[in-house]
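The values are calculated or read from the model by the stated rules, or taken from the named source; none is laboratory data. All of these numbers come straight from a predicted model, not from anything done at the bench. Cβ placement follows ideal geometry from the backbone for every residue including glycine, while neighbour counts extend to all protein chains displayed. SASA here: full protein model, heavy atoms, side chains in, ligands and nucleic acids out. Shrake-Rupley method; radii C 1.70, N 1.55, O 1.52, S 1.80 Å.
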Amino acid sequence: ERREQRLEDRVPELEQLERVGLFTRREIRAVLRKASALEYKIQRRALRKEDFVTYIQYEVNLLELIKKRRARIGYSFKKDEIENSIVRRVHSLFKRATGKWKEDVQLWLSHVAFCKQWNSKHQLSKVFSCMLAIHPNKPALWIMAAKWEMESRLSSESARHLFLRALRFHPECSKLYQEYFRMELMHAEKQRKEKKEFEQAKMDLGEFNYSEEILNGEMARIIYRDAAQKIKGVEFHLALLSIAKLFDFTQDLQKEILESLQASYADDPLTWNYMARRELELGSLQPAEHTTKQMKVAEMTQREERCCAVFEEAVTAVPTEDMWKCYITFCLERYNRKTNSEELKQKRLERTLSAFNKAHESSLLPEGHYKQWLQLLLESGLCEKAMEVAEAATQRFRLSVEIWQMRLQVLIQLKSDDVTQCFEEALKHMKSKGTLPLWTLWVEWSEGTNTKQDTEALYQRSLCATAPTESVTMKEKYLDWAYRKGGYKKVKRVFTSLHENRPFSLDFFRKMIQIEKEQESCKMLNLREYYERALREFGSTNSDLWLDYIKEELNHPQGKPENCGSIHWRAMKMLQGDLVENFVSKYTLLQTGHL
């Protein structure tokens, strides 16, 4: 009965759609059939969320189709009888769905998006109210609701109430305080603009209550002071400061935040980083129209020097890795900025190299920055200095594979005679686990530099020196090198020497299978050996390997199709879990010629 009633409620809108020529009679019948099926699904005892979502999506698509039809024929009347009726039905569906699955935030957000799309302000206000009552523990929802009140309904009072309610639930949420702070400043800016326009129009401001405190951002100041007592950390202060800087009437407020920052967090690298970078923002003393290119370069040089002076003071006051990291990051940013002035670029380079060197001498240069330093030295042609830095880095971080790898790459790039000696030194300090990058680099260098015998000896040594899981990669590389340098006979000997040396990777066997298939006299006997060895290791976890084996028996001139049955039986015995079903479905396709 409910279903029939809902379908009957559709009749007036469907009649209007047909009458005004937006839909044909045939399309109306199709809509009724689809609606009947959807209504049936949402009236069952065991309700499913997917059925409601499908129904809502169908109605939304119907609204979009009506919109396109209206635009095509240029008809814009009867919207209350047609679209508004569908919109009300969608709201009803959302209400039932969110009532049933209250915990699904995405469902609530979909309703919010629909309300915004169809400008249902009254309905959206109700949706936000219900959603926040059920999900008060999600600050992002409070912010969304307050933002809508402020920007769409132009109600700063409602937005303020929402933020205050949210802060009762989340008294230490920094994001809530930031957005509340921003909202109050936006409200003050809006009132300042209104007052200015009224004054320009010479209107009497007596009937308007413009509070000087609000106009000057006092509400935001109160929020800041309250937040500063509850939320500690430089990041929060800097976030509020960056928001305040967006408004041109907050100089006093910015000054207060900055003074608090310097007083409470004088030893924090982020405070010094901000204070130093702030020097870049100081305006020019020269009028813009009288400045030449040389004057601009000189001014930028002075600004950057002031920044570096602050950073120099910072690394003396707070001698930590994080402080040096801030300093060096700033220098690299300035160096990477494009400029047509060679003089400025050279000064930036010298300043950056000096910062790297001072941090290194203080033993406070972070490990990750050595690579950047070396790249800069090599780009600048300072090869001897690069070798010195690389050696010093390995002395400081003896157990770091990345640092040794970096030093070796420098030596290889400069074609030094000490590469082999450095590799040996690196492996003395390293344990077997984690040395794969060093062995990979060594054999790749050896391939292009040493004899085949030396390179092969190195490959064989790497198999014993690396951890079992890492030796897998070296076996693959050894096999690939043997084929490239020695051909089929060589790679066959290497495979024979390794085929009992576990662990293996599947690619190790697939590589050998591929090599065999590339030969003019490809032997099925050899392929069977490689497949059997691969299946011994991976037969229980890889269904495609069995299928490839069966294909070889079917397609190879020396293959035996009669073996396929026994291979299939073995696969069914060895494969585990869902792999059996996957194998059976693909094997069926293979039998019918579709695979």
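Compute the accessible area per residue over the stretch 275-378, keeping the other protein chains in place, probe 1.4 Å, unit Å². The partial results should precede the final answer.
Values: 5760 Å² over 104 residues.
Heavy-atom accessible area per residue stands at 55 Å².
Once you list every other residue whose beta carbon is under 14 Å from the beta carbon of R29, what net charge do they have if Lys and Arg are +1 and Asp and Glu are -1? Mind dumping the intermediate values first?
On the way: positive: R10, R25, R26, R33, K34; negative: E15, E18, E27.
Neighbourhood net charge equals +2.
Among the GluC sites (Glu not before Pro) within the stretch 46-134, which fall in a DSSP loop and have no more than 16 other Cβ atoms within 10 Å of their own Cβ? Each step should come with its number before you reach the end.
On the way: sites: E50, E59, E64, E81, E83, E103; in loops: E81, E103.
In loop regions of the stretch 46-134 (DSSP not H, G, I, E or B), the sparsely surrounded GluC sites (Glu not before Pro) are E81, E103.
Determine the dipole magnitude for the chain: charges of +1 sit on the beta-carbon of Lys and Arg, -1 on that of Asp and Glu, nothing else is charged, the reference point is the Cα centre, and the result goes in debye to the nearest 20.
Numbers: 98 positive and 88 negative charges, 580 e Å.
The calculated dipole for the chain is roughly 2780 debye.
May I ask you to give the solvent-accessible area per residue for the stretch 509-594, in square angstrom, as obtained with a 1.4 angstrom probe? Spell out each step's value before the answer.
Values: 4760 Å² over 86 residues.
For the stretch 509-594, the solvent-accessible area averages 55 Å² per residue.
How many times 2.2 N^0.38 Å is the alpha carbon radius of gyration of the stretch 313-415?
Working: Rg = 13.9 Å, N = 103, 2.2 N^0.38 = 12.8 Å.
For the stretch 313-415, the normalised Cα radius of gyration is 1.09.
DSSP loop trypsin sites (Lys or Arg not before Pro) in the stretch 491-530 with at most 16 other Cβ atoms within 10 Å of their Cβ, which ones?
Numbers: sites: K492, R493, R510, K511, K517, K523, R528; in loops: K523.
Filter output for the stretch 491-530: K523.
Given a 1.4 angstrom probe, I'd like the percentage of the accessible area of the stretch 1-101 that is carbon and sulfur, rounded to a whole number. Show your work: numbers first, answer last.
On the way: 3060 of 6300 Å².
For the stretch 1-101, the apolar C and S fraction of the accessible surface comes to 49 percent.
Starting from the Kirkwood radius over alpha-carbon pairs of the chain, derive D by Stokes-Einstein at 4 °C in a medium of 1.567 mPa s and give it in µm² s⁻¹.
On the way: Rh = 33.1 Å.
Value of D from the Cα-based Kirkwood radius: 39 µm²/s.
Hey, if you put +1 on the Cβ of every Lys and Arg and -1 on every Asp and Glu Cβ in the chain, which of M131, Q372, V580 ends up farthest toward the positive end of that dipole?
Checked the options; the winner is V580.
What is the spread of the Cα atoms of the stretch 1-101 along each of their three principal axes, largest first, in whole Å?
Extents along the principal axes: 43, 23, 18 Å.
Please report the spacing between the Cα centers of the stretch 489-553 and the stretch 27-87 in Å, no decimals.
59 Å
At a Förster radius of 56 Å, what calculated FRET efficiency corresponds to the Cβ-Cβ distance of D507 and A266, to the nearest 0.05?
On the way: r = 57 Å, r/R0 = 1.01.
So the FRET efficiency works out to roughly 0.50.
Over 14 Å, how big is the tail of the calculated P(r) for the stretch 67-144, in percent of all Cα pairs? Walk me through the numbers before you get to the answer.
Numbers: 1950 of 3003 pairs.
Summing the P(r) tail past 14 Å for the stretch 67-144 gives 65 percent.
Could you tell me the calculated FRET efficiency between T592 and I222, based on Cβ-Cβ distance and R0 = 56 angstrom, to the nearest 0.05? The partial results should precede the final answer.
Details: r = 77 Å, r/R0 = 1.37.
Efficiency, rounded to the nearest 0.05: 0.15.
Relative contact order, percent, of the stretch 1-101 when contacts are C-alpha pairs under 8 Å separated by at least 6 residues? Please report the intermediate quantities before stating the final value.
Working: 46 pairs, mean separation 34.6, N = 101.
Averaging sequence separation for qualifying contacts and normalising by length gives 34 percent for the stretch 1-101.
To the nearest 0.05, how large is the calculated FRET efficiency for E172 and L109 if R₀ is 25 Å and r is the Cβ-Cβ distance? Can you show the working numbers first?
Values: r = 25 Å, r/R0 = 1.00.
That gives a FRET efficiency of 0.50.
If I stretch the segment between Q558 and K202 completely, what's the gain in nm (0.36 nm per residue apart, minus their alpha carbon distance), one decimal? Walk me through the intermediate numbers first.
Working: separation 356, 0.36 × 356 = 128.16 nm, distance 10.15 nm.
Going from the current span to full extension adds 118.0 nm.
Under a point spin-label approximation (7 Å from Cα along Cα-to-Cβ), what is the A392-S211 distance to one decimal in nm?
My value for the distance between the label points is 6.0 nm.
Please report, in cubic angstrom per residue, the volume enclosed by the convex hull of the alpha-carbon atoms of the stretch 509-594.
Numbers: hull volume 7.8 nm³, N = 86.
That works out to 91 Å³ per residue.
Find the relative contact order for the stretch 127-186 and round it to a whole percent, using C-alpha pairs within less than 8 Å whose residues are 6+ positions apart.
30 percent
Please compare each pair in K138/K232; K116/K245; K428/K492; K202/K245 to a cut-off of 23 Å on the Cα-Cα distance and tell me which ones are over it.
With Cα atoms farther than 23 Å apart: K116/K245; K428/K492; K202/K245.
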